[in-house]
Amino acid sequence: MSENRMRKEFRQREEKEDIRLNKYLSEAGVCSRREADRLIEEGRVQVDGFPAVTGQRVKKDQKIEVDGRSAVPEKEMILLAVNKPRGIVCSSRSQGGDRTIEEFLHYPKRVYSVGRLDKDSEGLLLMTNNGEILNKIMRAGNYHEKEYLVEVDRPITESFVKKMAEGVYLRELKVMTRPCRVEKTGKRSFRIVLTQGLNRQIRRMCREQGYQVRSLKRVRIMNISLGNLKTGEYRPVTDEEMETLYEMIRKSRS
């Protein structure tokens, strides 16, 4: 399948008369479907001047607004690789005065993050205006890889590496993490490859074993690597990277 044809698949809208509002907002590049439901519940979405309700279906010719701004699906697919600095939050709205990634990036078109890195973490973040590609990349059931470099507060033991790789029970979340690949890279550092994205997962995994994370940097999402991208900078994902990415997610669920 050609790259242009694969791109077209992700740009095509459903041919039905109406679609769910959260899907519409996802395709319009406002946010993911889950985030859209939250915005609707908070009363920040209006349809033809009236507050939207969760589960609502809309027609293509209706006026959809989020925080007073018109939400119109983008024709151009944007996907950026960003090297997020520490101190920046991956949220659509600032909380407690924190600077959001959208404010920091100041990109001329509306884009939002594919997954999150917590405020104290840094490294690769993908930004897009396409909600469907976001959902396919981040859905845990698709088992897509994310790679991190981590430094902790004391020497790493073989027991630590073994337990991290086998899976750690997170008492706060009441869940066992999936088996993953872990490699010791220094006296107090290691590399870890996850296929799930639980809230502050690596920090929680380390804490369960008596370790505290000193630095955490994401260096890869699927086939897209951070490379030599400097902190605070971004670049468009290359055509070659995009073609490989599309092939990897072609059969993924959204």
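Structure data summary
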item	result
Summed side-chain charge close to R207 - residues other than R207 whose Cβ falls under 12 Å, Lys, Arg +1, Asp, Glu -1	+1
Net charge dipole size for the chain [Lys, Arg +1 and Asp, Glu -1 on Cβ; Debye, nearest 20]	820 debye
Only Lys, Arg (+1) and Asp, Glu (-1) charged, at Cβ; region 113-209 dipole about Cα centre in debye	260 debye
Percent carbon-and-sulfur accessible area, the chain, ignoring ligands, DNA and RNA, probe 1.4 Å	45 percent
Value of relative contact order over region 145-246, rounded to a whole percent, pairs C-alpha under 8 Å and six or more apart	35 percent
Two-site label geometry, E65 and R178: point separation in nm, points 7 Å out along Cα→Cβ	4.2 nm
Residue-span extension gain [R99 to L229] - 0.36 nm each, minus C-alpha spacing	44.7 nm
Additional length obtainable on full extension of the chain from R34 to I19, 0.36 nm per residue less Cα span	3.9 nm
GNM top mover of I88, I221, I40 - the chain, alpha-carbon springs below 10 Å	I40
Dimensionless Rg/Rh of region 124-254 - Kirkwood Rh, Rg from C-alpha atoms	0.99
Added length on full extension, which subtracts the Cα-Cα distance from 0.36 nm per residue, T185 to T157	8.9 nm
Inter-probe distance in nm under a simple model that places probes 7 Å from Cα toward Cβ, at D120 and E241	2.8 nm
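The values are calculated or read from the model by the stated rules, or taken from the named source; none is laboratory data. Keep in mind it's a predicted model, so treat the numbers as computed, not measured. Counting neighbours? That spans all protein chains shown, and the Cβs are built from the backbone with ideal geometry, glycine included. With ligands, DNA and RNA removed, areas are computed over all heavy atoms of the protein, side chains included. Shrake-Rupley method; radii C 1.70, N 1.55, O 1.52, S 1.80 Å.
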